[in-house]
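Enquirer: Handing you a structure now.
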Amino acid sequence: MIPYARQSISEADIQAVVDVLHSDWLTQGPAVPRFEEAVAERCNVSYAIAVCNATSALHLACAALGVAPGDWVWTSPNSFVASANCALYCGANVDFVDIDPFTFNMSVKALSEKLEDAKRLERLPKAVIPVHFAGQPCEMAAIHALSQEYGFRVIEDASHAIGAQYQGEPVGCGRYSDIAVFSFHPVKIITSGEGGMALTNDAQLAHTLRSLRSHGITRNPALFENPQQGAWDYQQLLLGYNLRMTDIQAALGYSQLQRLPEFLRRRRQLAKRYGELFANLPLQSQRQNDDSLSAWHLYPIRLAEGLDRKKAFDFMRKREIAVNVHYIPIHTQPYYRKLGFMPGSFPQAEKYYSSAISLPLYYELTDSQQDMVASCLSQALEQS
Ligand SMILES: *Cc1c(COP(=O)(O)O)cnc(C)c1O
């Protein structure tokens, strides 16, 4: 079987984990800050806070920005449910901004129009969460300009996008956002088993994110609000959580980060090859913006109108090619329908979804496996 995504684990990755198991610290040791500093340095950002997964990083990002009951948070319907759930965890309301039919990312035009309406209704969002779908950066400069005009905060859901570049800078550098979030789930670009990270240039936000990650507790006497009772004292200043990453995970993540350039090179090569193999097929690949470089977490295609996606999908699955679909629009999920969302509200995301298939794309995919995928797809399209 050829999966749509999978991790690549080297002997060095294994050794890094084994070393932690032989060490004094399985969690709250030196591996976590080492991983954080390495990601921060690579992304050219001041602070990086590792947590147990990206879902938690998104939750903490909302909480640190003060998202609370009564607030609105907007994101893309073409994403994993976590991009929206994070706002609900904070008691806020969620709404969506439809996508661009060519990049499959949040449409800046739709965002701008929706903001104009929201201003009139006095229902402007507290935060907007653009999602760098498949690893391609959203139009962050334009989104940032709108955030200045309308006064909202920006969280980048960069779960797909470690290693991507936007206008010559690494995604995560925070030029156009308050916080950016990476995922290290095994299907993503690099993995720590489970894991996530929140990146920011704001010292206060970094402090709050760190504090919320670990119960809102501090052991730094300079920050105590009660008089210090003794050397054992710690004080809880906020209602935080336990969302820490272990040293076992961080060691794997750090080792994988060393391989990131190699991972990206191969993913970009495979993506280019798919483009060449599909030159004459009735399908549309994700349009790539000139000012960005995707990390190619996914290779999504959109079948030409009239073709039967389900048929093509089942045809490939039957031939042991485990294609996938990204994403079922979040607002059509049963839970979101109970919140009042209806199919038809975000037509571009729904139309894209109805014709979308994600093809296998991962570091260890070989050229000959890729050729098999392409020829199977070509047959699938003929029969659909
Ligand atoms: C994977 C993913 C998440 C959640 O990441 P976890 O690390 O699994 O919690 C959030 N948003 C998007 C867009 C994702 O693809």
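Enquirer: Where in the range 132-213 are there GluC sites (Glu not before Pro) that are in a DSSP coil and have at most 12 other Cβ atoms within 10 angstrom of their Cβ?
Expert: none
Enquirer: Hey, another quick one. Suppose the chain between GLU113 and GLU11 were pulled fully straight at 0.36 nm per residue; how much longer would it get relative to their current alpha carbon spacing?
Expert: Difference between extended and current length: 31.6 nm.
Enquirer: For the chain, take the longest principal axis of its alpha carbons; what is the angle in degrees between that and the long axis of helix 247-258, to the nearest 10 within 0 to 90?
Expert: Roughly 50 degrees, rounded to the nearest 10.
Enquirer: Further question on the same structure: Which value, in Å² and to the nearest 10, is the accessible area of LEU21 when all protein chains are kept and the probe is 1.4 Å?
Expert: Its accessible surface works out to 100 Å², give or take rounding.
Enquirer: Which of the lysines could a cross-linker bridge to LYS188, judged by Cα under 21 Å and excluding same-chain residues fewer than eight apart?
Expert: LYS188 reaches LYS272.
Enquirer: Here is a follow-up. To test your reading of the geometry: what angle, between 0 and 90 degrees and rounded to tens, separates the Cα axis of helix 54-64 from the longest principal axis of the chain?
Expert: 50
Enquirer: Lys and Arg at +1, Asp and Glu at -1: add these up for the other residues within a Cβ distance under 13 Å of LEU260 and post the number.
Expert: Every neighbour counted, the sum reads +4.
Enquirer: Counting Lys and Arg as +1 and Asp and Glu as -1, what is the net charge of the other residues whose Cβ lies under 13 Å from the Cβ of LYS351?
Expert: -2
Enquirer: Of the candidates ALA141, ALA322, ALA231, which one comes out as most mobile in a Gaussian network treatment of the chain with C-alpha springs shorter than 10 Å?
Expert: ALA231
Enquirer: Let me ask something else. With contacts defined as alpha carbon pairs under 8 Å and 6 or more residues apart, what's the relative contact order of the chain in percent?
Expert: 23
Enquirer: Using a cut-off of 16 Å between alpha-carbon atoms, which lysines can reach LYS114, once sequence neighbours fewer than 8 places away in the same chain are excluded?
Expert: LYS126
Enquirer: Classify the range 1-81 from the C-alpha gyration tensor, please: rounded if a/c falls under 1.5, else prolate or oblate depending on whether a/b exceeds b/c.
Expert: Note, shape of the range 1-81 comes out oblate.
Enquirer: Here's a follow-up. In degrees from 0 to 90, rounded to the nearest 10, what is the angle of the helix 140-150 Cα long axis to the longest principal axis of the chain?
Expert: Between helix and principal axis, roughly 60 degrees.
Enquirer: Spin-label point model (7 Å from Cα, Cβ direction): what's the GLN236 to LEU281 distance in nm?
Expert: 5.4
Enquirer: Also, I was wondering about something else. Rg and Dmax of the range 35-109 over Cα atoms: what are they, in angstrom?
Expert: Gyration radius and largest Cα-Cα distance of the range 35-109: 14.3, 37 Å.
Enquirer: Using r as the Cβ-Cβ distance of ARG317 and ASP367, and R0 as 25 Å, what FRET efficiency do you calculate, to the nearest 0.05?
Expert: 0.70
Enquirer: In addition: Along the Cα-to-C-beta direction of LYS351, a point sits 7 Å from the Cα; which residues of the range 296-331 have their amide N less than 15 Å from that point?
Expert: 302-307
Enquirer: Counting only helical runs of four or more DSSP H residues, what would the 222 nm mean residue ellipticity of the chain come to if each run contributes -39,500 (n - 2.57) and the total is spread over all its residues?
Expert: So the helix-based figure for the chain works out to -11500 deg cm²/dmol.
Enquirer: If you don't mind, there's one more thing I want to ask. Roughly how many Å² of HIS331 are accessible to a 1.4 Å probe, to the nearest 10?
Expert: For HIS331, solvent-accessible area is about 0 Å².
Enquirer: Quick one: net charge of SER23's neighbours, Cβ under 15 Å, K/R +1, D/E -1?
Expert: Net charge in that neighbourhood comes out at -2.
Enquirer: I need the shape label for the chain. Rule: rounded when a/c is under 1.5, else prolate if a/b > b/c, else oblate, with a, b, c from the alpha carbon gyration tensor.
Expert: oblate
The values are calculated or read from the model by the stated rules, or taken from the named source; none is laboratory data. Keep in mind it's a predicted model, so treat the numbers as computed, not measured. Don't worry about glycine lacking a Cβ; one is built from the backbone with ideal geometry, like all the others, and counts go over all protein chains shown. The accessibility values were calculated without ligands, DNA or RNA, using every heavy atom of the protein model including side chains. Shrake-Rupley method; radii C 1.70, N 1.55, O 1.52, S 1.80 Å.
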